[in-house]
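The values are calculated or read from the model by the stated rules, or taken from the named source; none is laboratory data. Note that the coordinates shown come from a computational prediction; the quantities given were computed from them, not determined experimentally. Glycine also receives a Cβ, built like all others from the backbone with ideal geometry; neighbour counts cover every protein chain displayed.
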């Protein structure tokens, strides 16, 4: 360990000590790390760089506001629950007016997709999403939102290369992996039944 | 070793022998910025984000064009009286600036320094005037919340949650006219920054990405000129946001520079906390409009004698982020002094 490296390490150590005095945080990983015994100049430079980055990333983390997990989870629960309750009410109404379960289910999906798309068009759904998080993304209304939002966004680049080409920028991964999983499940079912 | 250029002091700072004058400036902001704490200090507040155009990109270009035109109009000059124009923005291939230049007809040099573009332009314009290559140079920069959002993040109507340390791209454009001789505040020095990357990979966490670059440029500036933070009435950073500003202050503190009292950030100033932008504003427009609007206005009122404007830019692209690259950042600084 050269003198220069020692200096650097001590400097970083001091920085972290100073911070620790201020706020009693968990000990950062890099202090526990043992300094390697011998390194060539290139390795040494790389090591110093990494040390510097680690120290900084740890420092930056201390300044970030803490995410409000509990509040987010509760809001997602409420918003998601409300959307699903609405879907259930529509389903019950349709069943009550004479459709069988399969038809009523299909019609409910249509209505919910329409509502998601409509609220996106009015510029309301992104505001619901701000509070609802996963609660408004996971239901089918969120799927409608992701497609309509892309359609609105890229319409200005034309209907073919704009809207048509980029309609699934957000929903694409959901479709691709959804299809793959459904094929896997279908094959599994076919082979084992 | 090559001889040191005469105007260069220390490692990165230039001193202008004939400090160029900020003769005129103009700022245009979007409706949300207009509702912010400095809403009344801007020259023009848009009624909606489209500015009478068909797309946000066109609106952004028009904002930049109008900002520069208004800056000229204020001092009764026309495009033909201007020698060169430096401008830039955040869009791919800086189209807002290029298309603005198409309409204005001033010899044009396009810039990209991410959100540091305005300060980069001021520095370059000042150099051009100082070395005697131009009499009048126009400088402009713009950003637009919706164009940036769709380019860097998600479609604007997508119902996704933003992180708490995320920043809101400012809709706004600033235009400045630098002249060789005239009345107004002068640019006395500029410090050209280095690209610094401390390995932050979260593209939503631009404050943390840019803070080391800002701190580096500011420290270098103080060292080159032998100055202290107390030599400035205000150190104004570009768009560090509340997270980045605090980190920068901390980093400067480690080096023994106490900026607690006189450093602030355009991104923190431009919105009310209850406007729900999370960590504050960002974008080329952020420091452009704050500088061209409230800050230089206050300077004219005699509130500030000498300020250090530090433009900070996160040099990322959506592709570099997706390929797992960390976000390098840059910061440039100019010293603006009021002249009696």
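Look at (1) modelled with pLDDT under 95; (2) touching a helix residue (DSSP H, G or I) at 6+ places or on another chain (Cβ under 8 Å); (3) in the same structural domain as residue B:329 (by TED's automatic domain parsing) and you find that residue B:191 fails only one, number (1). Considered as a group, the residues in segment A:149-172 that are assigned to a helix (DSSP H, G or I) and within 7 Å of chain B (Cβ to nearest Cβ) include one that is surrounded by the most Cβ atoms within 10 Å (Cβ to Cβ), and that residue is A:149.
To keep it simple, each residue is scored yes or no on (1) in contact with a strand residue (DSSP E or B) (Cβ under 6 Å, 6 or more places away or on another chain); (2) farther than 18 Å from residue B:115 by Cβ; (3) in contact (Cβ under 8 Å) with a residue 12 or more places away in the chain; (4) outside any helix (DSSP H, G or I).
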{"position": "B:177", "(1), (2), (3), (4)": "yes, yes, yes, yes"}
{"position": "B:181", "(1), (2), (3), (4)": "no, yes, yes, yes"}
{"position": "B:184", "(1), (2), (3), (4)": "yes, yes, yes, yes"}
{"position": "B:188", "(1), (2), (3), (4)": "yes, yes, yes, yes"}
{"position": "B:221", "(1), (2), (3), (4)": "yes, yes, yes, no"}
{"position": "B:235", "(1), (2), (3), (4)": "yes, no, yes, yes"}
{"position": "B:242", "(1), (2), (3), (4)": "no, no, yes, no"}
{"position": "B:245", "(1), (2), (3), (4)": "yes, no, yes, no"}
{"position": "B:252", "(1), (2), (3), (4)": "no, yes, yes, no"}
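Taking the criterion of being buried (at least 24 other Cβ atoms within 10 Å of the Cβ) and either within 9 Å of chain B (Cβ to nearest Cβ) or without any contact (Cβ under 8 Å) to a residue 60 or more places away in the chain (or both), the residues of segment A:134-146 that qualify are A:136, A:141, A:142, A:145, A:146.
Quickly run through segment B:231-259 and pick out the residues that are in contact with a helix residue (DSSP H, G or I) (Cβ under 7 Å, 6 or more places away or on another chain) and more than 14 Å from chain A (Cβ to nearest Cβ). Once the filter is applied, which keeps residues that are in contact with a helix residue (DSSP H, G or I) (Cβ under 7 Å, 6 or more places away or on another chain) and more than 14 Å from chain A (Cβ to nearest Cβ), segment B:231-259 yields B:235, B:236, B:237, B:238, B:239, B:257, B:258, B:259. Assess whether residue B:121 counts as being more than 14 Å from every other protein chain (Cβ to nearest Cβ), crowded, with 24+ Cβ neighbours inside 10 Å, at negative phi and in contact (Cβ under 8 Å) with a residue 60 or more places away in the chain. No. On the given criteria, is residue B:137 part of a loop (DSSP other than H, G, I, E, B) and either more than 19 Å from the chain's Cα centre (by Cα) or more than 14 Å from chain A (Cβ to nearest Cβ) (or both)? No. Please verify whether residue A:128 is crowded, with 16+ Cβ neighbours inside 10 Å, under 23 Å from residue B:159 (Cβ atoms), within 14 Å of chain B (Cβ to nearest Cβ) and modelled with pLDDT under 95, treating the condition exactly as stated. Against the criterion (crowded, with 16+ Cβ neighbours inside 10 Å, under 23 Å from residue B:159 (Cβ atoms), within 14 Å of chain B (Cβ to nearest Cβ) and modelled with pLDDT under 95), residue A:128 qualifies. When segment B:256-302 is filtered for residues that are touching a residue at least 60 places away in the same chain (Cβ under 8 Å) and in a loop (DSSP other than H, G, I, E, B), the ones remaining, listed by number, are B:271, B:272, B:277, B:278, B:279, B:280, B:283.
Residue by residue, here is whether (1) in contact (Cβ under 8 Å) with a residue 40 or more places away in the chain; (2) more than 24 Å from the chain's Cα centre (by Cα) holds:
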site	(1), (2)
A:132	yes, no
A:153	no, no
A:161	no, yes
A:177	no, no
A:180	no, no
A:183	no, yes
A:188	no, yes
A:193	no, yes
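Of everything listed in (1) facing chain B (nearest Cβ under 10 Å); (2) surrounded by 15 or more Cβ atoms within 10 Å (Cβ to Cβ), the single unmet condition for residue A:122 is (2).
Here's the yes/no breakdown for (1) over 22 Å from the mean Cα position of the chain (by Cα); (2) surrounded by fewer than 19 Cβ atoms within 10 Å (Cβ to Cβ); (3) more than 10 Å from chain A (Cβ to nearest Cβ):
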{"residue": "B:199", "(1), (2), (3)": "yes, yes, no"}
{"residue": "B:211", "(1), (2), (3)": "no, no, no"}
{"residue": "B:226", "(1), (2), (3)": "yes, yes, yes"}
{"residue": "B:229", "(1), (2), (3)": "no, yes, yes"}
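Could you say whether any residue in segment B:48-55 is over 21 Å from residue B:307 (Cα atoms), surrounded by 18 or more Cβ atoms within 10 Å (Cβ to Cβ), in contact with a helix residue (DSSP H, G or I) (Cβ under 7 Å, 6 or more places away or on another chain) and within 14 Å of chain A (Cβ to nearest Cβ)? Checking segment B:48-55: at least one residue is over 21 Å from residue B:307 (Cα atoms), surrounded by 18 or more Cβ atoms within 10 Å (Cβ to Cβ), in contact with a helix residue (DSSP H, G or I) (Cβ under 7 Å, 6 or more places away or on another chain) and within 14 Å of chain A (Cβ to nearest Cβ). Summed over segment B:266-311, residues that are at negative phi and surrounded by 20 or more Cβ atoms within 10 Å (Cβ to Cβ) total 29. Residue-level analysis places residue A:101 outside the set of residues that are surrounded by fewer than 16 Cβ atoms within 10 Å (Cβ to Cβ), assigned by TED's automatic domain parsing to the domain that holds residue A:127 and under 17 Å from residue A:139 (Cβ atoms).
Consider residue B:159 carefully, then state whether it is within 13 Å of chain A (Cβ to nearest Cβ), out of contact with any strand residue (DSSP E or B) (no Cβ under 6 Å at 6 or more places or on another chain) and over 25 Å from residue B:326 (Cα atoms). When the stated conditions are applied, residue B:159 passes them.
Conditions (1) within 11 Å of chain B (Cβ to nearest Cβ); (2) in a helix (DSSP H, G or I), marked per residue:
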{"residue": "A:44", "(1), (2)": "no, yes"}
{"residue": "A:53", "(1), (2)": "yes, yes"}
{"residue": "A:61", "(1), (2)": "yes, yes"}
{"residue": "A:67", "(1), (2)": "yes, no"}
{"residue": "A:81", "(1), (2)": "no, yes"}
{"residue": "A:87", "(1), (2)": "no, yes"}
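For segment B:142-154, the criterion of being over 30 Å from residue A:144 (Cβ atoms), touching a strand residue (DSSP E or B) at 6+ places or on another chain (Cβ under 8 Å) and either assigned to a loop (DSSP other than H, G, I, E, B) or free of Cβ contacts under 8 Å to residues at least 12 places away in the same chain (or both) is met by none of the residues. What's the number of the only condition in (1) under 19 Å from residue B:334 (Cβ atoms); (2) away from chain A (no Cβ under 14 Å); (3) crowded, with 23+ Cβ neighbours inside 10 Å that residue B:171 fails to meet? Failed condition: (1).
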